[in-house]
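I have placed the structure first, in the form of structure tokens, so that the comments after it can refer back to it.
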Amino acid sequence: MIIRKANPNDASDIAKAIVSAGGHFLPWLFGRNYRKIIYESALSENCSFSWINADVCEISDAENPDSSKIAGVVISYASEREHEMDKGMSDVLRKYFGFFSLFSFIRKAQKAVKYFPKPKDSYYILAIAVFEEYKGRGIAGKLMGWIESRARSSGYKSLMLEVEGYNHSAIRSYQKFGFHKHGEVPLKLFSRKLARESKHKNPSMWLLKKEM
């Protein structure tokens with residue numbers, strides 16, 4: 001098992017991980033073409049979902065020891081780069097959105113920034129996912145430790161991430177890694193339709209933080 005920086009050839013696995021971790025947010029944010037948009041974003045070099053921001057965990061293929069498969073992905077970057085990432089995403093979206101749809105996306109993205117402000121001395125984990133067939137091997141913990149070590153050595157004071165408040169298993173896992181609840185926003189503030197589609201009573205998004 002090794003953890004390494006991603007490269008453009010990993011874009012398909014990066015997109016798969018983002019979709020796995022994205023819950024109801026991705027269709028709401030990007031519309032029906034969200035899978036294509038995520039894949040193109042993963043291939044891009046200047047947006048939040050880019051391979052440049054990704055690290056992957058590789059495991060040797062049991063049937064072919066000379067090859068390996070990606071078992072998990074983490075996407076992260078310094079919080080101070082958040083606005084830079086948004087501009088890169090707009091370039092990808094112009095292929096799919098008209099003017100008014102692009103304006104709608106920008107408003108949605110601005111809501112996320114407004115409700116979940118992040119200190120400039122924090123390091124943001126956009127997504128972390130372990131593929132189903134590799135769960136239970138401690139991969140998420142190794143990816144989290146990898147990112148924490150990078151953030152700490154670069155002088156950042158905390159790690160931050162967002163999670164759906166009703167995703168209790170994920171929250172318990174993050175708490176084991178040392179994260180605590182730093183903020184909560186009802187989903188209906190983002191979109192009443194999004195809140196209804198979650199099929200949970202009073203659904204919300206949590207902002208989690210780990211001091212380092």
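A short reminder: the numbers here are calculations on the coordinates, not readings from a lab. These numbers come from a predicted model, not from an experiment. In this analysis, Cβ positions are derived from the backbone assuming ideal geometry, glycine residues included, and neighbour counts consider all displayed protein chains.
Ordering His168, His24 from the fewest to the most neighbouring beta carbons within 10 Å gives His168, His24. Using θ = phi - 60° in the Karplus curve 6.51 cos²θ - 1.76 cosθ + 1.60, the 3J(HN,Hα) couplings for region 205-212 round to 10, 9, 9, 10, 9, 10, 6, 10 Hz; x is entered for Gly and Pro. Extension gain, His83 to Arg196: 0.36 nm times the residue separation minus the Cα-Cα distance gives 37.8 nm.
Each of Phe179, Phe97 has some number of other Cβ atoms within 10 Å of its Cβ, and from fewest to most they run Phe97, Phe179. Close amide-amide hydrogen proximity is noted between Gly183 and Leu207, each under 5 Å apart and 5 or more residues distant or on a separate chain (H modeled in the peptide plane; Pro and chain starts excluded). Between Ile2 and Lys69, what is the label-to-label distance in nm when each label sits 7 Å out along the Cα-to-Cβ direction? Result for the modelled spin labels: 1.9 nm.
Residues in region 126-140 carry Karplus couplings, in order, of 6, 7, 9, 8, 10, 5, 3, 5, 10, 5, x, 10, x, 5, 4 Hz; the curve used is 6.51 cos²θ - 1.76 cosθ + 1.60 with θ = phi - 60°, and Gly or Pro positions show x.
Here Ser76, Ser48, Ser68 are placed in order of increasing Cβ neighbour count within 10 Å, fewest first, which gives Ser68, Ser48, Ser76. Full extension of the chain between Lys181 and Ser90 gives 29.7 nm of extra length, using 0.36 nm per residue less the Cα-Cα distance.
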